[in-house]
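A short write-up of the structure that comes next.
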Amino acid sequence: MTTTDFRDRLYDLYRPPSDHFSFVDVPDMQFAVIDGSGNPEGASFAQAIKWLFTVIYPIKRDAKKRMGKRFAEPPLECLWWADDMADLIAGNKDKLKWRLMIVLPHWTDGTLFAQGVEAVIERFGEKPATLQRGILTEGRSVQILHKGPYEDLRNVTTKLHQEFLPEHALKPNGHHHEIYLNDPIRTAPEKRKTVIRQPVI
């Protein structure tokens, strides 16, 4: 039985260079997602993360049992946006909107996902209203790997939107995307690795 590790299978998507922005063509990918808004330091953001990771466990178990397939637990990802782009760049947390996501193998079907959700409902009660399985289309994108505290991500985002994109006559074509390659609970701030991605036209 072979374990599918998305960071190995899609190396260019999850391990971009850290010293410069690079271009990548992102294929359509399937995710478990939960939408929300407001300060990510709030309870709803933490609860959404807990739900997503807990849903993954029964999906992994049932995939192994029903389909003879395994996959390594993928990293947490998040799309960020705001009604005013300036609020996103400035990091005005209370005005942010977000979509927390965990990528699913392409062979994850509706039945497998629904069974995973039902297993978590038995533990946590009513599921989040926005929890769903969906496809993300990004296409041509610019990305970079940031190493260091999450507090420094805003500096990279500012450079991306106020310098790199204008210099290359590019415009955003989708939401700001962050991929958190480490568990922040187990990883010191200075060792955290985050992929910053922006679809462009």
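Every number in this text was worked out from the coordinates using simple rules, so none of it is lab data. Computed from a predicted model, the values in this text were never measured in an experiment. Neighbour counts are summed over all protein chains in view; Cβ atoms, including those assigned to glycine, are modelled from backbone coordinates with ideal geometry.
For the reader, a short list of remarks on this structure follows.
- Nonlocal amide H pairs with Lys69, under 5 Å, H built at 1.01 Å: Lys64
- Too-long pairs where the Cα-Cα distance tops 22 Å, listed order kept, from Lys50/Lys127; Lys50/Lys159; Lys50/Lys147; Lys60/Lys191; Lys69/Lys127; Lys97/Lys147: Lys50/Lys159; Lys50/Lys147; Lys60/Lys191; Lys69/Lys127; Lys97/Lys147
- Electrostatic dipole magnitude of the stretch 3-199 [Cβ: Lys, Arg +1; Asp, Glu -1; Cα centre; debye, to 20]: 760
- Annotation: the antiparallel percentage among DSSP beta bridges lying fully within the chain is about 95.
- Between 0 and 90°, nearest 10: helix 43-62 axis offset from the chain longest Cα axis: 50
- Cα centroid separation, the stretch 157-198 to the stretch 32-60 (Å): 20
- Shape analysis of the chain based on the Cα gyration tensor places the equivalent ellipsoid semi-axes at 29, 20, 16 Å, largest first.
- Principal-axis analysis of the Cα atoms of the chain puts helix 110-124 at an angle of about 90° to the longest axis.
- ³J(HN,Hα), Karplus 6.51/-1.76/1.60, whole Hz, each residue of the stretch 127-142, x for Gly, Pro: 7, x, 4, 9, 5, 7, 10, x, 9, 9, 10, 10, x, 5, 9, 10
- DSSP-assigned coil residues among GluC sites (Glu not before Pro) in the stretch 86-182, each with at most 11 further Cβ atoms within 10 Å: Glu126
- Helical runs (DSSP H, four residues minimum) scored at -39500 (n - 2.57) apiece and divided by the length of the chain put the mean residue ellipticity at 222 nm at -8000 deg cm²/dmol.
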